[in-house]
1. Need a quick list: helices (runs of 4 or more DSSP H) entirely within segment 75-186 having at least 1 residues that are under 27 Å from Asn27 (Cα atoms) and at pLDDT 95 or above.
2. Restricting to segment 53-89, count the residues that are farther than 26 Å from Ala20 by Cα and touching a residue at least 60 places away in the same chain (Cβ under 8 Å).
3. Could you count how many residues in segment 7-50 are in a helix (DSSP H, G or I), more than 19 Å from Thr146 (Cβ to Cβ) and among the small types (Gly, Ala, Ser)?
4. Residue check, Glu134 against (1) surrounded by fewer than 19 Cβ atoms within 10 Å (Cβ to Cβ); (2) within 17 Å of Phe116 (Cα to Cα); (3) in contact (Cβ under 8 Å) with a residue 60 or more places away in the chain, all met but one. Which one?
5. Considering each residue of segment 51-74, count those that are part of a helix (DSSP H, G or I) and under 22 Å from Ala10 (Cβ atoms), and give that number.
6. Tell me whether segment 41-55 contains one or more residues that are farther than 23 Å from Ala112 by Cβ and crowded, with 17+ Cβ neighbours inside 10 Å.
Amino acid sequence: MGDVKHLAAAQDDARRRVTAIQSDQWNLPTPCSDWSVRDLVVHLVEGSSMARILLDGGSSEDAVAAFGREHGPDLAEELEGALAEERTAFERPGAMEMIVHHPGAGDIPGTAFCEFRTGDYLLHGWDIARSTGEDEALPEELVAATWDSLQPMVPIIGQIGAFGTGPSGTVGEDAPLHLRLLDLTGRRP
């Protein structure tokens, strides 16, 4: 079930990782093919903006307009503003019960959308840490929540394009949950 507490914690984790990016690291490659660290942070900013638009009742076309715009030189500051707006939108009464018109996932309840956003911050925070050489540890509670939210997609996760090739098939059921989650989502730690 979508939880603003988990979203806030995942946002905080991503924020911490973004503010640690050094000036010479913005062009480094990431585990997300064809994305630099800068591209990944832009994705987080634009995803936050998309979320606010959808939670404000916007259409999927309105949400798509959040992507591909110009960004200033201080992406960490842009992210800070976008995170605050997104969190405020999810905290509004009725946000978890409303149906949002996601451009990729279709019409989904706010709870599922909150889970998507939580996982996005958690996983892309790891991507940033992997790229910049920072601590890759993931908060256990968020790992468990994201793992649970992805279970309905396990049979098709490698086919939907959002998680690379999906699981490698080489990480056993006895592996730590964070490693299984990373592998499930196409990351190879």
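1. Numbers: elements: 75-91, 110-132, 140-150, 177-184.
Result: 75-91, 110-132, 177-184.
2. Going residue by residue through segment 53-89, those that are farther than 26 Å from Ala20 by Cα are 53-65, 89.
From the residues that got through so far, the ones that are touching a residue at least 60 places away in the same chain (Cβ under 8 Å) too are none.
Total meeting the criteria: 0.
3. 1
4. Every listed condition holds for Glu134 apart from (2).
5. First pass over segment 51-74, keeping only residues part of a helix (DSSP H, G or I): 51-55, 60-64.
Then keep just the ones that are under 22 Å from Ala10 (Cβ atoms); that gives 51-55, 63.
Residues meeting the conditions: 6.
6. Keep residues of segment 41-55 that are farther than 23 Å from Ala112 by Cβ, which gives 41-42.
So of that shortlist, the ones also crowded, with 17+ Cβ neighbours inside 10 Å come out as 41-42.
Yes, the conditions are met somewhere in segment 41-55.
The values are calculated or read from the model by the stated rules, or taken from the named source; none is laboratory data. Just so we're clear, the structure is a prediction, and the values are computed from it rather than from any experiment. Positions of Cβ are generated from backbone atoms using ideal geometry, with glycine treated the same way; all protein chains shown enter the neighbour counts.
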